[in-house]
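The values are calculated or read from the model by the stated rules, or taken from the named source; none is laboratory data. Source: prediction; values computed, not measured. Here the Cβ is made from the backbone with ideal geometry for all residues, glycine too, and neighbour counts use every protein chain on show.
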Amino acid sequence: MGVSIFDKISKDMGPLGAISHFGHHYFSYPILEGEIGPHMTFNGRKVLNWSLNNYLGLSNHPEVRKADTEAIEKYGLSYPMGSRMMSANSHNHENFEAQLADFSGNEDAFLMNFGYQGIMSVIEALVDHRDVIVYDGDCHACLIDGIRLHKAKGGAYYRFNHNDMASLDLNLRRATKLSSQNGGGILVITEGVFGMTGQIGKIDEIVELKQKYDFKLLVDDAHGFGVLGENGKGTPEHFGCQNEVDIYFATFTKAMSAMGAFVGADANIIKFLRYNVRSQIYAKALPMGYVIGGMKRLELIKSNPEFRLKLWDIASRLQNGLKAEGFNLETTNSHVTPVYFNKDFTQNEVGNMIIDLRENLNIFCSVVIYPVVNKGVVMLRLIPTSMHTHEEVDYTIEAFKKIRAKLDEGAYNFEIPLKSEIYSN
């Protein structure tokens, strides 16, 4: 007799679900309330928030709020109805695509409803069972899931060590041999900025390998779009190799503080994707409010370089200050700021450290544990924005010094308070 899938689930909730019994709404699925910005309300108190991807502060920019409001008043949240292929295309959708293509340095672009679903479907559409994928080992889950779709079609793939060009070279050699036997091609997948570690992908060095191997390059630039490069056009502009990135993908959920995504490439490739990306063909079109609001956000990114400069000023002050105090930021060379505590923590120590940080020091940041990072490592991930101030940076550094001292003293090694004791509502 078989086993019920629900019985299996009840016995194994997964590594993150296993701790949900005491952490829901606090350590996981927390509820932040109030206007999006450095100060929000959590658990009944105001906290200094370092956990929002509102990189350029556009979420509450008055021109953005005005454009969003007017678009919703005019079109509501439903228009256009249906999929774009069947009934829901618009001049605004196509105008936005043209603007995104021009800004990102591509011949054409294709709008998508979501970043996660979008990039999965792009990968699935681009490659068939004859092709070989070679991908960076630190790629985001959405890219891994896209590769799983390739695997489901019988396609091969190779993983190269994170940002390791010798490892990439080795795996390109393998992929070249296999793809030649299969009669297929090679797709290399990496990220512009790796969102967890903050390390910029070595796009320039990957591009150099095109002189040695025949492959196409897909870059997921979710965290680089609007932030990196002289004009904020992303990681390819940062390295001066926009013409060598074959498939450029970015979401609107970071620098643009919105919903949606786009893929940019040569016009013929975009035409192919429009007619083959299943998550768009069989889904409702991006609502008009997001399209019109997106165009306003892109306009502001292009016309206000000071937003980007302020972000980098805050990020530099935060990272330099933490490093000066001996904190380990490992390999970040972007605005994303991971702070690593390398110790074999008990669950109680991690939990009590976060409670102290949030309840007593009034600082909210994301805590990252295994399986996202290695066992024995805890990462506190700080996301600087153009809306933060020098004073807030300096306060945060002092707060981190306090929690580190308590960790070193073993002051957090006691039973985590009951939920009722740490929840004020």
Check your understanding: Taking interchain pairs and intrachain pairs at least six residues apart, which have beta carbon atoms under 6 angstrom, with the first residue in the stretch 124-136 and over 13 Å from ARG148 (Cα atoms) and the second part of a strand (DSSP E or B) and β-branched (Val, Ile, Thr)?
Key -> ASP136/THR190
Review point. Looking at the stretch 341-355, which of its residues are at pLDDT 85 or above and surrounded by fewer than 18 Cβ atoms within 10 Å (Cβ to Cβ)?
Key: ASN348
**Study point:** Pick from the stretch 116-139, criterion hydrophobic (A, V, I, L, M, F, W, C) and part of a loop (DSSP other than H, G, I, E, B), ranking: surrounded by the most Cβ atoms within 10 Å (Cβ to Cβ)
**Key:** VAL127
Review point. When GLU230 is evaluated against the numbered criteria (1) buried (at least 20 other Cβ atoms within 10 Å of the Cβ); (2) in a loop (DSSP other than H, G, I, E, B), which criterion, by number, is the only one it fails?
Key: (1)
Review point. Looking only at the stretch 377-391, which residues are more than 17 Å from THR332 (Cβ to Cβ) and within 24 Å of the chain's Cα centre (by Cα)?
Key: SER386, MET387, THR389
**Study point:** Residue identified as surrounded by 11 or more Cβ atoms within 10 Å (Cβ to Cβ), out of contact with any His (no Cβ under 9 Å at 6 or more places or on another chain) and at pLDDT 95 or above among SER20, SER28, SER90
**Key:** SER90
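So, PHE96, is that one aromatic (Phe, Trp, Tyr), closer than 16 Å to GLY294 by Cα, under 21 Å from the mean Cα position of the chain (by Cα) and assigned by TED's automatic domain parsing to the domain that holds PRO287 or not?
No: the conditions fail for PHE96.
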Review point. Which residues, taken from the stretch 93-108, are under 30 Å from ASN171 (Cα atoms) and surrounded by 20 or more Cβ atoms within 10 Å (Cβ to Cβ)?
Key: SER104, ASN106
Exercise for review: Restrict the check to the stretch 145-168 and report whether at least one residue is in a helix (DSSP H, G or I) and at pLDDT below 95.
Suggested key: no
Review point. If a residue has to be closer than 11 Å to LYS202 by Cβ and free of Cβ contacts under 8 Å to residues at least 40 places away in the same chain to count, how many in the stretch 164-183 make the cut?
Key: 1
